[in-house]
Amino acid sequence: MTDRHDSVILHFVVRVFMVPFIVMFGAYVFIHGELSPGGGFQAGAIVASAFVLARLTLGTEHASPRFPTRYLIWLASFGVGIYVIAGMVPMFYGANYLDYNSLPTAWFNDIAEHHRTARAMGIFIVEVGVFIGVFSVLVIMYDYLTLRFREGEDD
Amino acid sequence: MKWLTLAFLVSFAGLFVYVSADLPDRGDPHAPANEHLAAEFIELTAEEIEIPNIVSAILADFRGYDTLGETIVIFTAGLAVLLVLQTGYKRND
Amino acid sequence: MIDEIAARFPYWASGVLIAVGLYGMIGKRSLVKKLIGMNIFQSAIILFFIAGSMRDGATLPILLIEDGHILTPVDPELYVNPLPHVLMLTAIVVSVAITGVALAFLIRIYREYQDLDEESLLKKVR
């Protein structure tokens, strides 16, 4: 199932026309998650679908030799860690856990010259964590569900 | 046995359809579920958070604990898949 | 009569889908078909909640924007109920997690016993 399929047309279409645009659409859905339907969960699923498509057609080993499965579990932990730490930061400013009102985001408003409430900034940070977590967990699931048995016959 | 299962499920679906006569109409603006909390969330999103997407605002702010647990559930599922399938298997090559 | 059907149709559809999913979980012997039945069941629940969140004359739960600012004063009657959408978003993600873990267990069971049929599997496990 994850064998490399030797078809020039398939490789060209997937690598040039499909995967980059699916990743770009996922980034759009994520960044516009506050203005239009979208958000961390949806964008994570879309970007993970692009990676799964590459792995289906090019083979797991050939799809991303510099981005192997064993690093993805670290990435998933990193995503969950962003969420947990973003919840803990307000506690240092005397507020409750996950109370984004007291996040120190005034400097960002000064730089960007655009008013955003601290709670909107907190939502964005949290969605980054959710996005990384969902994306990496879905790719982990695909990779490990298509592993082969060591002594197994060819199936 | 098979017919017993089928009869049970058909009677279940029939009971569901019969009971649904007491549910509020679809699209009723004054259904109890759509009345109190929904308006509260919509107004609070516009006043305090100031982002247009109400679903994101509820997901990450009002129900932040829920989403935290959600992310941890997803992470745990990934760990479970990894640990169940890891032993005795090799990578594709 | 036709209004009554239109007002109830999504509830009926979700009831029938729940029965179909239950049939997959109870009546079928293959574990893979049981898993597919469970997925149909979850989809039926999601359909039920989303149908219940609808309001006549309302639009998406995205606040309308005018000149780069949120249109004020906000009229809650103008938007559908956002809470079921949030709950079902999390429910979809949980269903993906459940499906992944269940498939992992099925693959492991098949590697151990070369079988996914419920009754012969029970004999082999014993």
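Tabulated values for the structure
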{"read-out": "Counted residues, region A:1-43 - those being farther than 30 Å from C:H69 by Cβ, surrounded by 14 or more Cβ atoms within 10 Å (Cβ to Cβ) and touching a Gly at 6+ places or on another chain (Cβ under 7 Å)", "value": "2"}
{"read-out": "Only one of B:S11, B:S20 that is at pLDDT below 90 and assigned to a helix (DSSP H, G or I)", "value": "B:S20"}
{"read-out": "Top-ranked residue of region A:1-56 - restricted to ones that are over 14 Å from A:V139 (Cα atoms) and of a type in the set (S, T, Y), ranked as modelled with the highest pLDDT", "value": "A:Y28"}
{"read-out": "Those helices (runs of 4 or more DSSP H) lying entirely in region A:40-136 with at least 1 residues away from chain B (no Cβ under 13 Å)", "value": "A:40-58, A:69-92, A:106-112"}
{"read-out": "Residue satisfying all of: in region A:85-114; surrounded by fewer than 16 Cβ atoms within 10 Å (Cβ to Cβ), among the hydrophobic types (A, V, I, L, M, F, W, C) and touching a helix residue (DSSP H, G or I) at 6+ places or on another chain (Cβ under 7 Å); nearest to B:L68 (Cα to Cα) among these", "value": "A:A95"}
{"read-out": "Hits in region C:1-14 - residues which are over 12 Å from the mean Cα position of the chain (by Cα) and not in a loop (DSSP other than H, G, I, E, B)", "value": "C:I2, C:D3, C:E4, C:I5, C:A6, C:A7, C:R8, C:F9, C:P10, C:Y11, C:W12, C:A13"}
{"read-out": "Any chance C:L35 is under 21 Å from C:Y110 (Cα atoms), of a type outside the set (G, A, S) and at pLDDT 90 or above", "value": "yes"}
{"read-out": "Some residue of region C:15-33 being assigned to a helix (DSSP H, G or I), buried (at least 17 other Cβ atoms within 10 Å of the Cβ) and of a type in the set (D, E, K, R)", "value": "no"}
{"read-out": "Residue check, B:I51 crowded, with 17+ Cβ neighbours inside 10 Å, more than 21 Å from A:F135 (Cα to Cα) and in contact with a helix residue (DSSP H, G or I) (Cβ under 8 Å, 6 or more places away or on another chain)", "value": "yes"}
{"read-out": "Selection status of B:I51, of a type in the set (V, I, T), without any contact (Cβ under 8 Å) to a residue 40 or more places away in the chain, in a loop (DSSP other than H, G, I, E, B) and more than 7 Å from chain C (Cβ to nearest Cβ)", "value": "yes"}
{"read-out": "Residue check, C:I92 more than 10 Å from every other protein chain (Cβ to nearest Cβ), out of contact with any Pro (no Cβ under 8 Å at 6 or more places or on another chain) and among the β-branched types (V, I, T)", "value": "no"}
{"read-out": "Matching residues in region B:8-28 - criterion: being surrounded by 13 or more Cβ atoms within 10 Å (Cβ to Cβ) and of a type in the set (S, T, N, Q)", "value": "B:S20"}
{"read-out": "Residue match in region C:70-93 (condition: in a loop (DSSP other than H, G, I, E, B), buried (at least 17 other Cβ atoms within 10 Å of the Cβ) and hydroxyl-bearing (S, T, Y))", "value": "no"}
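Results for (1) at the interface with chain C (Cβ under 8 Å from one of its Cβ atoms); (2) surrounded by 20 or more Cβ atoms within 10 Å (Cβ to Cβ); (3) over 16 Å from the mean Cα position of the chain (by Cα); (4) assigned to a helix (DSSP H, G or I), shown as yes or no for each residue.
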| residue | (1), (2), (3), (4) |
| --- | --- |
| B:H30 | no, no, yes, no |
| B:F41 | yes, yes, yes, yes |
| B:E70 | yes, yes, no, yes |
| B:I74 | yes, yes, no, yes |
| B:A80 | yes, no, yes, yes |
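Table: residues versus (1) touching a Leu at 6+ places or on another chain (Cβ under 7 Å); (2) surrounded by fewer than 16 Cβ atoms within 10 Å (Cβ to Cβ); (3) part of a helix (DSSP H, G or I).
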{"site": "C:V101", "(1), (2), (3)": "no, no, yes"}
{"site": "C:I107", "(1), (2), (3)": "yes, no, yes"}
{"site": "C:E112", "(1), (2), (3)": "no, yes, yes"}
{"site": "C:L122", "(1), (2), (3)": "no, yes, yes"}
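The values are calculated or read from the model by the stated rules, or taken from the named source; none is laboratory data. Owing to the predicted nature of the structure, the values given are computational and were not obtained by experimental measurement. We place every Cβ from the backbone using ideal geometry, glycine too, and count neighbours over all the protein chains shown.
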